[in-house]
Structure formats: structure tokens, C-alpha cells
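Comments concern the structure below.
No lab work stands behind these numbers, since they all come straight from the coordinates. Predicted model only: the values in this text are computed from it and were never measured. Cβ: placed from backbone, ideal geometry, glycine included. Neighbour counts: every protein chain shown.
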Amino acid sequence: MLKSNFLTYILIFFFTLFFYIESSSQNSNKKDPTLFSYGSFEVTQSEFLRGYEKNALAKKPIYTEAELKEYLSLYINYKLKVKAAEDEGIDTLPYIIKEISDYRKQLAQSFLTDKNITEKLIHETYERMTKEIRASHILIALKEDATPADTLKAYNKIMALRNNIINGKSTFATIALTESEDPNAKKNQGDLGYFTAMQMVYPFETTAYNTAIGQISMPVRTKFGYHIVQVNDVRPARGEITVQHILLRIPENATPVIKANVKKQADSIYQLLQNGADFNTIAKKHSEDKNTATHGGLLPAFGTGKMIEEFEEASFSLKNDGDISNPILSNLGFHIIKRVNKKELQSLETIKDQLKKKIEKDPRADVSKLVYLNKLKNQNNFIEHHKNLEKLITTISEDFPKPNWKADSLLLSNKEMLFTINKKKYTQQDFIRYVISNKTKQKPLEKNKFILVLYDNYVAQSLLEYENDQLESKNTEFVMQLKEYRDGILLFDLMEKKVWNAASKDTIGLKAYYENNKEKYKRPESVKIELYKCSNAALAEKVKDMLRINDPILKKEIIATANTKEKPKELQLEEIIYEKGANNKVDDMIWNVGETNVVPSASGSVDIYYISEIATGTYKTLKDSRGFIVSGYQDQLEKDWINNLKIKYPIKVNESILNSLIK
């Protein structure tokens, strides 16, 4: 709330791709007219339109006068603030420079891939998303850096298990139960249930999608070890479903009596719904899922593999929108589920950008990196000197790379070329330095093979570093995105100093703002509640009797005697002011002083709400509404600051150019 204004700018400028060109270059382009200026700095029509079109809420921007002028106002303010940040030298601060540098490293990764291969991966992933596979697996665990001997041992073991199944000596489920090293196999006998693309590691996913129903795959290696996979079923993707639910929790270690009480309550609620009761109202009153109860139990849309199996199956079993399930038991308690709507898998065009971002973060992206490296070799005139590499391998001693291995002076001084990238030389000396910093304590491969592995890694690193160094000169889009992030960081830092922190720390200004705007913080319809939390029904009866006669002496006596050292929380009293709409239970009560409302729970405790005062018409204190007041004060500080910037950098809008954009 305290930073709500900045969130607006972030949504508009920071997390979306909006590109712009420096004023100096714009001035030289006579075909690109200036739309507005701030002081001596100019912004062209094309720069403004790029931002407007990128940030349009609709798929296609709407070029109405109102929309254009609203965005222009935001854009002008944004440019003024970035200029103010530069004036204060925020772009020269060490931590800002470091943050931009860190982001550059992150951003560069998305540009150091092959776009065509990524496109193929997108299509492959989407095609798999159209199907859901139910599969079982058996795992023989193996570390990623396992020795060849351990690797062979694990492979032979899983092949022997596979042969036993193929030859009918045992069943897949039996071997999964007794031999699989997946910790969950004891419970599920290797059955993973249904899954779709992007829910399993890529090699496992590929094997599952390439194995026919009823067949058992050859072993597949993942970061967990060797698996064999048996596909049990394939079905079309079920899409996503949106539901509401009412949850009645079963307490941990609950007795059979308590469980039965919860079930009885769930059945009672279900009957109310069958008799026409409103699901939203019932969910708000009774659901014990605090995250969704206030919204009528509404959950975000979900698909296969995202929810507890019992809940998921019950949800997808509902045939029509509005259908309501019987009470369903899960490890959380009893759920009553109402189907809101169901959507099939969206088209590739609709989810392509989202899918691309997921793939870029997924190990399957390594496929495109290999192709990209070959592309870089061709683009950058990569030339290898194989004889020098062979000579180097024979020169390195046989004890490499044991911990006590050291490169001799000959290796460290040898400057014979191993390869060149656009005539930039990479020597044996460079490679040996890389080897020294990357050698392992254990010798996983025979010396010559291990050196070749290190060499391939060194070539890949060198190619990527070379291309990374050229990004600013070769890729305009990269430059624009980096510039955008840099300006966003400057703006964030300056807003924190000028507005957010200033508003929070300025107690005098905050108090003055509150007094001048007190009417904004007048309480709406409100009620003061005495909330008695009673541990049991007998104690609740005593409290109800006390409230009936409204005896303050009896109240003190009951509270004093109810709680003991052994049981200090038998009776708890809270005094709370509720505004209309803040609490569903309170909203449903009759708002008269002296009204008592009793709310029992399945565990046996009882809450008693007693209306002690009608608080409508009073003013919220600064303490009560500090968050809202600070936010309002921030708005005022920002407005005043912008006005001062407009005096320092007068704004001139070319109205004829602006009007020409209206369609």
C-alpha cells in the first residue's frame, strides 16, 4: 500500500518491454517529429508510440484522445523522474552499478541461445501438453558426478530388473515396491499418477512420451539416477478448471469423535446447498480455508498434477458449471466443491510467450545451447589448431588432475594457439589456467578424455564470453532492455528517498496531512465487539449468563477464575472495532448494542460476539489508519515533487503531432 503509486509505474514501464532512443540521436532524424520536450530534452513521436503500443492493456492499442493523453501524462512524469535521478548522480552509486551489472548478466542469458531451436522446443512442449500420461517408474539412484564404475553398476542393476519384468519373473509394481530407490515407492508402488509436459525432468518426460502404453522403456539417466518407465495410460489434456470449495479441517491427531463431528457438519452444509443455499454465503461463514473463504472459496484455475489427487479428481468429475460435489475427504479435512468453469488447453499462439519463458528456465534449454555454440563458431570465424591440442595432452602428466597435480613452467609459459575467435587468440597457457581453476579432486575419467571434456567446456565458455562482450554493439534490443532496467532502478531508488521514506519519517508532515484530510478517514458503519473465546461449552454458558445481566463485577470474576496457571487460555477477551464488510460473521449479525452471537466450532470451543457499542461517525486515529494516511501523504509529496520538476524542466507538447496520433 505504501508503494502503490510506484507499482503503477512499474506495471507500465518496468516489467514490460518498452524501448526508447536517446534525445541526441532523435534530433538528427527529421522524419521523426518531436512530440514533447522537457527543458532542453526532446522525446520523439516514435519513442512515445513504442512505449504506448508495448504497454497497451488491450492486444491492440486504442488510439483515442483520452487514452493517449493519459499515457502521455504518465510518460512525461516518468521521464522527469529518471532525469531527476541522473541529476542526483544515482546512476553513479556503487550498489546501483552492481545491480545493473548483475541484471546485465541475467539478461544476456536470454540472448545467448538459438532462437530456432527454442522455437522447436516450444512446439514440442506444446504438443506434449495436449496429452496427459499416467506412468510408473523404478529408480536406481546415482549421483550426477558418479564414477564410471558406479555408473555401470547402476545401469546393470536396472537392466537386470527390467529383464525380470520383461521375462515375467516379477511385476513392475512388485519390483518398484521392493527395489526402487524412490522414497515414495513404498506408498505408490512407483505409480506417479497423471502428468503432462514441464512437470517432470526433461529426459524422463521425453522417455514417457516416447513409450507406448503397456511398454517398459530402456533405462534413462536423469540427475536422480537411472529410471525405467512403464506407461499405463494416455488421455487428452483435461485443461484447467476453476472451482470454489468449502473446507472443514480435521485437527491433527483428531479423535474418531471429532472426525465424525466434522463429517456430520460437512453433510449438514452439503444438505443446505442442495436445498438452495448460496455457496458464496456458506463458504464465507463456514469454510476454514482462510485464504479463500472471504472470496466465497474461489481457487485459482488449476490443471493435472497441481492439487491433492482426491480434490483434483472430484473437481474434474463435476460435469457442468454450478455442479456441487458430495463432501470429499483429503488429508486436510472435508471439502465441498462447486465447479465454476472449465477451460480446454489454450492455443499455442495464446500461451507461446509464457511457454517460452518456462522453457528458458528449464534444463531442456541446454539443447538449444549446443546448437547455438556451433552457430557462434560459424559466425565468428572459429579456427582450431588440433595438433597443438594433441601436443598439449601428451605434455600433461599422468597424475592429472589429482589434488597434488601442478602445472610445470613449460605448460604455464606455452603460448601456442589452440583456437581463435575472429582472430582473438586463445593459447595453451590460457587453457592451462582454466584447467587449474576447474580441475576436480577426483579423477572421473581417463586423463585424455577428461582433458577433452575440459577443453570443450573452455571453448564453449570462450565463445559465450566473446559473444557476450559483443552484445551492446550487435543487438539493439539487448541495449534497449538493459537501458529500460537501468532507468527503472534509478526511479525506484529516487522514489524511495523522495517519497516513500520521506513520508514515513516525516511525523510532523504526516500529522498535518491527517488533520487537513481528516474527513477522508471518517469511520463508515462500524461496531465495537467484545469477543469472548471460550475453550468449552460450559464456560460459554457462564459468559452468556454474565452478558445477559450485563454485570461488570461478574465479568471480572468469570475472567479471573476461568484462567489458571495450568490453563491460562481457557477464556480470552478481545475488544475489536469492525467496519461493515470487514468480517462476514459480524456483517450477518443484528447491529444493536447488547446483541450476543454464539459461534461454536467442531473442536468444542465457542466464540461469543457481544456488541458493546455502535462506532459509526467517529474518526479513525492516525495510528489506526497509518497505512492509508502515509499512502495519501506520499501522493501529495509526489505531486508536489513533479510540479517542481516541471518548473525546472518546462513541458512543451506539440499538440498537432499528438492530435495526428488520434484514430
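A few notes on this one:
- Leading residue at positive end of dipole, the chain (Cβ point charges), from Gln481, Val586, Gly322: Gln481
- Cross-link pairs beyond the 27 Å C-alpha cut-off, checked among Lys120/Lys474; Lys69/Lys639; Lys259/Lys556; Lys264/Lys567; Lys79/Lys498; Lys98/Lys415: Lys259/Lys556; Lys264/Lys567; Lys98/Lys415
- Protection proxy ranking, peptides 294-303, 100-109, average beta carbon neighbours within 10 Å, highest first: 294-303, 100-109
- Dipole magnitude for the chain: computed about the Cα centre from +1 point charges on Lys and Arg Cβ and -1 point charges on Asp and Glu Cβ, it is near 920 debye.
- Spatial separation of Cα centroids for the range 528-559 and the range 616-643, in angstrom: 39
- Every helix of 4 or more DSSP H residues in the chain counts as -39500 (n - 2.57), and over all residues that averages to -15500 deg cm²/dmol at 222 nm.
- Taking the centroid of alpha carbons for each part, the range 132-188 and the range 238-309 are 39 Å apart.
- Remark: the range 649-663, residue by residue, has Karplus-estimated 3J(HN,Hα) of 10, x, 8, 10, 9, 7, 4, 5, 5, 4, 5, 5, 7, 6, 10 Hz, where x stands for each Gly or Pro and the curve is 6.51 cos²θ - 1.76 cosθ + 1.60 at θ = phi - 60°.
- Label sites at Asn188 and Glu344, each approximated as a point 7 angstrom past Cα along Cα to Cβ, lie 2.8 nm apart.
- Spacing of the two label points (7 Å from each Cα toward its C-beta) at Gln461 and Ser268, in nm: 6.9
- Panel order for Val220, Val593, by other beta carbons found within 10 Å of each beta carbon, from fewest to most: Val593, Val220.
- Rough spin-label spacing in nm, given labels placed 7 Å along Cα→Cβ, for Asn291 and Thr616: 3.7
- Förster-model FRET efficiency, 35 Å R0, Leu74 and Ser656, C-beta, rounded to 0.05: 0.95
- As a proxy for reagent exposure, Met198, Met546, Met218 were ordered by neighbouring Cβ count within 10 angstrom, fewest first; the result is Met218, Met198, Met546.
- Taking Cα centre as origin and charging only the Cβ of basic (Lys, Arg, +1) and acidic (Asp, Glu, -1) residues, the dipole magnitude of the range 335-409 rounds to 760 debye.
- For the chain, with +1 on Lys and Arg beta carbons and -1 on Asp and Glu, the positive-most of Gln274, Gly305, Asn163 along the dipole: Asn163
- Net dipole in debye of the range 240-343 [+1 Lys, Arg Cβ; -1 Asp, Glu Cβ; about Cα centre; nearest 20]: 200
- Working from the Cα coordinates of the chain, the gyration tensor eigenvalues give, after taking √(5λ), semi-axes of 55, 45, 26 Å in decreasing order.
- Pairs of Lys in the range 131-236 closer than 24 Å at Cα, counting only those 8 or more apart or on different chains: 16
- Fewest-first sequence of Leu392, Leu74 by Cβ atoms within 10 Å of each Cβ: Leu74, Leu392
- Taking every C-alpha pair closer than 8 Å and separated by at least 6 residues, the mean separation divided by the residue count of the range 240-343 gives a relative contact order of 43 percent.
- 5 angstrom amide H check on Gly333, placed H, neighbours 5+ away: Ile250
- Estimated vicinal HN-Hα couplings, Hz - the range 537-553 in sequence order (Karplus 6.51, -1.76, 1.60; Gly, Pro = x): 5, 5, 5, 4, 5, 4, 5, 4, 4, 4, 5, 5, 8, 6, 9, x, 5
- Across the chain, the relative contact order, built from alpha-carbon pairs under 8 Å that are at least six residues apart, equals 17 percent.
- The count of lysine pairs in the range 348-410 that are at least 8 places apart or cross chains, and whose C-alpha atoms lie under 30 Å apart, stands at 27.
- Label-reachable residues, the range 172-191, where backbone N falls under 18 Å from a point 7 Å from Ala160's Cα toward its Cβ: 172, 174-182
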